[in-house]
1. Mind listing whichever residues of the range 341-353 are within 34 Å of the chain's Cα centre (by Cα), touching a residue at least 24 places away in the same chain (Cβ under 8 Å) and closer than 14 Å to VAL425 by Cβ?
2. With the condition kept exactly as written, say whether any residue in the range 168-181 is of a type in the set (Val, Ile, Thr), touching a strand residue (DSSP E or B) at 6+ places or on another chain (Cβ under 7 Å), outside any helix (DSSP H, G or I) and within 25 Å of LEU389 (Cβ to Cβ).
3. Taking the residues in the range 127-163 that are outside any helix (DSSP H, G or I), of a type in the set (A, V, I, L, M, F, W, C) and in contact (Cβ under 8 Å) with a residue 40 or more places away in the chain as candidates, determine which candidate is farthest from HIS107 (Cα to Cα).
4. Here are some residues: ARG101, ARG97. Which one is crowded, with 19+ Cβ neighbours inside 10 Å, of a type in the set (Lys, Arg), at pLDDT 95 or above and over 21 Å from GLY206 (Cα atoms)?
5. Need at least 3 residues that are under 30 Å from THR237 (Cα atoms) and touching a helix residue (DSSP H, G or I) at 6+ places or on another chain (Cβ under 6 Å) per element, so show me which helices (runs of 4 or more DSSP H) inside the range 19-113 make the cut, counting only ones lying wholly within it.
6. Which count do you get for residues in the range 358-395 that are part of a loop (DSSP other than H, G, I, E, B) and either of a type in the set (A, V, I, L, M, F, W, C) or under 28 Å from TYR259 (Cα atoms) (or both)?
7. Scan the range 204-225 and tell me whether some residue there is surrounded by fewer than 18 Cβ atoms within 10 Å (Cβ to Cβ), hydroxyl-bearing (Ser, Thr, Tyr) and more than 23 Å from PRO385 (Cβ to Cβ).
8. If the Cβ limit is 8 Å and pairs must be 6+ apart or interchain, which residue in the range 288-317 that is closer than 11 Å to ARG38 by Cβ pairs with which residue that is loosely packed, with under 13 Cβ neighbours inside 10 Å and modelled with pLDDT of 95 or more?
Amino acid sequence: MTDVHHTYEFRCPVHGFIELSAWEREIISHPAFQRLRRIRQLGWTDHIYPGAMHTRFEHSLGVMHVATAMLDAIVGGGRTLLEEELGFDDAGICRDRILVRLAALLHDLGHTPFSHGAEDLFPEFEEEGRRYVHEEYSAAIIRHRMRDVIENHPANANYRISADDVANLLEGSSESARSLIWREIITGQMDADRIDYLLRDSLHAGVDYGRFDWRRLIGCLALVRTEDERGWRLGVTEGGLHAAESLVLARYLMFTQVYFHKTRVAYDHHLQMALAELLPDGLFPPPHAGQLDAFLRWDDWRVLGRLADGEGGDHGRRLSSRDHYRQVWHSAENPGRHDVETFHMIQGALGSKMPLVASASKSWYRFDESDVPVQSDNPGQAAVPLSHLSDVIKGMRPIGKIMAYSAPENVASARAVVQNCVQSVGRR
């Protein structure tokens with residue numbers, strides 16, 4: 001018989017020991033979760049940073065650990081507010097803590113092989129005129145494949161947490177005020193996912209770009225009263241302003257130096273094109289109950305096996321032999337008129353010798369209703385959005401870098417053409 005009070009520990013290179021309950025251990029033993037061992041966190045990035053071999057499995061454990069630390073910090077510093085203003089009690093806080101842990105643990109179940117590199121092969125969600133996203137796959141897997149292990153464990157007898165509770169928290173489909181508060185721990189501008197992946201990816205890639213004072217940030221978390229209809233938001237005290245800035249800066253540096261590395265971009269393209277050859281109809285199955293098993297059978301191992309067998313067309317061959325496209329030109333991070341003119345001239349001159357044009361487009365911070373509120377140390381002073389207080393964040397523009405690639409056999413001639421185009425535009 002399962003000892004519902006027994007706990008287990010995993011040793012994590014980022015956070016030290018991560019504690020799990022017997023219930024959580026059974027959840028991670030489920031085949032849908034074990035699949036995450038076979039999905040690399042950073043796709044083909046190990047071809048540039050050889051240490052980046054870590055997986056979605058360990059990241060998911062880390063997100064659960066960080067989410068728990070965030071919730072505990074909020075409760076520790078704001079229990080009176082939670083109880084008197086928002087109607088929480090000890091039992092409710094305890095249940096919500098478990099719910100947040102489960103949502104954080106299971107948030108990445110819906111990733112494709114090699115993580116984000118293949119998400120353009122999700123099918124169309126016709127009712128909304130867009131592609132499905134991996135969060136919708138995660139929610140569907142929780143509802144249709146994880147329900148039994150979530151709902152029927154003896155440890156859940158007192159909490160009655162359902163698979164729908166977990167999926168709703170991930171999707172933001174719950175209307176309750178308490179769920180809106182906790183959801184910002186799972187998906188927000190300074191959420192547990194972001195904190196863990198920056199630290200973990202930085203460690204395994206062997207770079208320092210993603211390191212920041214995350215413990216200080218968590219120690220300064222607070223529920224902050226806002227003027228919108230929600231009333232309360234996850235924010236930081238004034239003492240956490242610079243720690244929050246450091247997270248945004250770390251994200252900018254990791255994207256420009258690691259996630260948007262020129263060779264990583266080429267590998268992502270080859271992966272997507274090779275998978276389009278391997279998948280029936282060139283797309284993953286939709287996140288419908290009857291097709292989830294077909295989706296879950298796709299992982300890195302399966303793709304690598306098919307590539308090793310010579311499948312995946314020319315792009316599969318390029319992945320297997322490291323014969324990837326090479327960058328022959330790139331714009332500035334924020335291309336101006338000169339860059340755009342140069343690109344169009346290069347595009348016209350190279351034609352089919354430029355088989356890949358990629359755009360490294362990203363916004364580092366959302367200046368909207370999700371702007372992180374900062375609680376002033378001055379009594380009676382209203383919270384102020386982080387972007388209003390931080391000149392650093394205020395000055396961070398989104399990037400729209402353009403990158404042009406040629407096949408290795410055409411690189412020399414392509415670069416000669418690029419040089420002529422650059423000089424021609426420069427003389428205007």
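1. Once the filter is applied, which keeps residues that are within 34 Å of the chain's Cα centre (by Cα), touching a residue at least 24 places away in the same chain (Cβ under 8 Å) and closer than 14 Å to VAL425 by Cβ, the range 341-353 yields GLU341, THR342, PHE343, ILE346, GLN347.
2. Within the range 168-181, not a single residue is of a type in the set (Val, Ile, Thr), touching a strand residue (DSSP E or B) at 6+ places or on another chain (Cβ under 7 Å), outside any helix (DSSP H, G or I) and within 25 Å of LEU389 (Cβ to Cβ).
3. ILE161
4. The unique qualifying residue is ARG101.
5. Where helices (runs of 4 or more DSSP H) fall fully within the range 19-113 and carry at least 3 residues being under 30 Å from THR237 (Cα atoms) and touching a helix residue (DSSP H, G or I) at 6+ places or on another chain (Cβ under 6 Å), they are 56-84, 90-106.
6. Residues flagged as part of a loop (DSSP other than H, G, I, E, B) and either of a type in the set (A, V, I, L, M, F, W, C) or under 28 Å from TYR259 (Cα atoms) (or both) within the range 358-395 amount to 14.
7. For the range 204-225, residues surrounded by fewer than 18 Cβ atoms within 10 Å (Cβ to Cβ), hydroxyl-bearing (Ser, Thr, Tyr) and more than 23 Å from PRO385 (Cβ to Cβ): absent.
8. LEU296/PRO31
The values are calculated or read from the model by the stated rules, or taken from the named source; none is laboratory data. Since we're looking at a predicted model, the values are computed, not measured. FYI the Cβ positions are ideal-geometry reconstructions off the backbone, even for glycines, and counts take in every protein chain you see.
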